[in-house]
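K.L.:
My questions all concern the structure below.
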Amino acid sequence: MASTVSDRPGYGQLLRTPGAWTFLLPGFAARQPFAMLTIGIVLLVQHTTGSYGSAGAVAAVSGVSMALFAPQGGKLADRFGQRAVLLPGVVVHAASVGALTALALADAPLWVLFLAAVPTGASIPQVGPMVRARWAAVLGAAPGRPASPLMATAAAFESVTDEFTFVVGPVLATALCTGVHPAAGLITEAALTLIGGLFFAAQRSTQPAPRGAATAEAPHRSALSVPGVRVLAITFLGIGAVFGGMQVSLTAFSEEIGRPGANGLLYGIFAAGNMLAGIACGAIAWKSSPRRRLIVGYVALTLTASGLWAVHSVPLLAGLGLLVGLSIAPALISGYTLVDALVPASARTEAFTWLTGAVALGQAGAVTVAGQLADRHGASTGFVVPLVGTVLALATLLALRSRLAPSVPGRLVARGVGHRRPVTVD
């Protein structure tokens, strides 16, 4: 259920939050390249090997590496500060992308590309989770007490920002790879990551305070020890399957019909649907709980993704892709909003990176499987991957939805620290 916008502060008040613009603009620049990396790898490696399966596998290794290392980077950022993690990270990432690009152009063996993809993915700067953690810090969000009315708006705003990058990024990478040089997309990604990341790291006044070293009285515990975070991570795996399956399958579909330039347009429409839905979610004063909105949004995502494999024309695929995009944003926003209610501030960046890593892991698996299916059975079969991924994740979400209930105020969140008594939230 929703009410009018006036019932809750909206985007205008959010953007007037003191200090917000100091991290929003450099944060946007720093995460823009993230949307370019997977498609840049796919287009370059497909060009040098002639195989979507090989291209998808290299991109998948990068995604798995990110999924495994991102939470560790988030944990380090919580402990030592975002700047301390970001400065060396962007330098390593730019160098790793350069090495992967050079090896691909030199026709290096596939196993060598796999090795080069590991540091490329592991060093991806987690700017999106860092920005979300800064919002939580400046808005005073904390588990066990009512969230700031602006937290849901901030989650929606970040989803819109993410999806705007996924509107621009794939289109830019595709245009560079097809119109300039197959390596131009990755080279631009590395340059933007380095420049944007350094500017973001320079904004020290709004970064959350580092939690410092663990003590016997306040030991460090992983955000993954929170049961709700584990459920959300599985849920976000399905969302990653949609992103990965769409990227590879749309590329293969465009090539199959002899219109390779349509790939960027189709993926841009899909991402635009996500962005528009995110704008709407942030503008509405929701009365239903984030948990209920997550379930409803995920059901819609599963239903819309189920028809992709049967569509064989550009206009119909664009229309259905738009609907899929419209269904993703409510699920993403609700999931990120739940983190603020479930996880203490000392582990929040790590929690956000677990979700981002889950999306990357789901995307990596989907890129691999969809690439193999497209090579062997045609582009349409690659679209089965988003359907299977969302069905499995939805089943898990419905079975374990009770674990998404916030703790009673005053109780510790992490399992093993204290007992939790869930409250009814919908």
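K.L.:
Give me the Kirkwood hydrodynamic radius of segment 1-128, using the inverse of the mean 1/r over all pairs of distinct Cα atoms, in Å to one decimal.
P.N.:
Numbers: mean 1/r = 0.0602 Å⁻¹.
Computed over Cα pairs of segment 1-128, the Kirkwood hydrodynamic radius comes out at 16.6 Å.
K.L.:
Sort 50-60, 313-323 by packing, meaning the average of other beta carbons within 10 Å per residue, with the highest value first.
P.N.:
Values: 50-60: 24.1, 313-323: 16.8.
Descending mean neighbour count gives 50-60, 313-323.
K.L.:
Taking every alpha carbon pair in the chain, what does the distance histogram look like in 10 angstrom bins from 0, in percent?
P.N.:
That works out to 5, 24, 34, 26, 10, 2, 0, in percent per bin.
K.L.:
At 7 Å along Cα-to-Cβ for each site, give me the label-to-label distance between ALA310 and HIS47 in nm.
P.N.:
3.8 nm
K.L.:
What length, rounded to one decimal in nm, is gained on full extension from ALA102 through to ARG259, with 0.36 nm per residue of separation minus their alpha-carbon distance?
P.N.:
Values: separation 157, 0.36 × 157 = 56.52 nm, distance 2.77 nm.
So the extension gain works out to 53.7 nm.
K.L.:
Across 10 Å bins from 0, what is the distribution of all Cα-Cα pair distances for segment 242-344, in whole percents?
P.N.:
Final binned percentages: 15, 44, 26, 13, 3, 0.
K.L.:
Report the gain in length on full extension from ALA209 to THR396: 0.36 nm times residue separation, minus Cα-Cα distance, nm rounded to one decimal. Before the final figure, lay out each step's value.
P.N.:
On the way: separation 187, 0.36 × 187 = 67.32 nm, distance 3.48 nm.
Answer, rounded to one decimal: 63.8 nm.
K.L.:
How do 362-370, 168-176, 112-120 rank on mean C-beta neighbours within 10 Å, highest first?
P.N.:
Numbers: 362-370: 27.8, 168-176: 22.7, 112-120: 20.9.
Ranking, from highest mean packing down: 362-370, 168-176, 112-120.
Taken together, the values in this text are just the output of simple stated rules run on the coordinates, not laboratory data. These numbers come from a predicted model, not from an experiment. A quick note on method: Cβ atoms are made from the backbone with ideal geometry, for glycine too, and the neighbour counts reach across all protein chains shown.
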